[in-house]
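Written out below as structure tokens is the structure these notes cover.
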Amino acid sequence: MHPVEANPSQFPQPEQLIGSVRATAAYELVVEQIRKSIFLGRFMPGDKLPPERDLAEQMLVSRTTIREAIRVLEGEGLVSTKRGAGGGLTVLQQNKLTQAEVEIYIEYQMDLLDSLFEFRIANEAAAARLAAVKRTDAHLEKMRKAVDAMDAICASAESRSVLTNISRFGAWDSEFHLAIAEASMNEYLLKAVEDSRAAMFLPVGKVFSRLEDRANEHHQEILQAIEAKDPDLAAEKMRQHLEATWESLTDLVPKARRKK
């Protein structure tokens, strides 16, 4: 019996296995990190970012790199720089989208948003399940603080339609979900939750014109399940919460114009 000779063409070639690599400039990494902090609500409109020198020291880059990053962020309308006394780098209020702009955005980004929510449901339900098992009193306190802050914002009917309060609610909403991810004590889940929420924060934060009566009830139910150390219930409540959020988002687009 003769040995069968391998045909090199049958195997993947090196160029098929290795994709191209693009070096990422340091300022791009700085832009990504600051942008992510703004999108997650860690910096609110009107907040001052640390001075240029402090940012350079914290991020272990040169002041020139920080200046390049600031120029990009200013071009995106996320921050503004004011010189002189009382000046500095300030986070700007993002203009609220009109109803027509909202519909167009969601209509043309439906597939992307759908994928993002699927990703969020999978990861955040898993995070809630683990948090119910691993959470500490410190984790619970952080979650309660966020829920109480959102309750206070929702308490006044008038405040629910004020753009600043909607932005504040969004920031505390992120704080709550990230606290759950931290309580999972899984760094990969935390990174996944951070990235997906950062991708969602700006468009969704611009979409809702007011906070609904039940906006915070789901958070309370999730917190209660985690506090009771019920992993199945915590995961289910998180899944229900995110599915309800997705429904609220898609309801903003007339059914006749939704992608099939």
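The values are calculated or read from the model by the stated rules, or taken from the named source; none is laboratory data. It should be emphasised that the depicted structure is a prediction, and the values quoted were computed from it without experimental measurement. A quick note on method: Cβ atoms are made from the backbone with ideal geometry, for glycine too, and the neighbour counts reach across all protein chains shown.
Just a few scattered comments:
- If only residues of region 5-50 that are at pLDDT 85 or above and of a type in the set (Ser, Thr, Tyr) are counted, the one that is nearest to TRP172 (Cα to Cα) is SER37.
- Some residue of region 76-95 being part of a helix (DSSP H, G or I), surrounded by fewer than 16 Cβ atoms within 10 Å (Cβ to Cβ) and at pLDDT below 95: no
- Of all the criteria given as (1) at pLDDT below 85; (2) of a type in the set (Asp, Glu); (3) closer than 19 Å to LEU40 by Cα, the one not satisfied by GLU101 is (3).
- Here ALA171, ALA131, ALA157, ALA125 are screened, and the one residue that is at pLDDT below 95 and crowded, with 16+ Cβ neighbours inside 10 Å is ALA171.
- Annotation: of all residues in region 30-69 being free of Cβ contacts under 8 Å to residues at least 24 places away in the same chain and under 16 Å from the mean Cα position of the chain (by Cα), the one that is nearest to LEU89 (Cα to Cα) is SER37.
- Among the residues making up region 175-190, a single one is among the polar types (S, T, N, Q) and surrounded by 22 or more Cβ atoms within 10 Å (Cβ to Cβ): SER184.
- Number of the exception - ALA256 against (1) small (Gly, Ala, Ser); (2) modelled with pLDDT under 70; (3) in contact with a Lys or Arg (Cβ under 7 Å, 6 or more places away or on another chain): (3)
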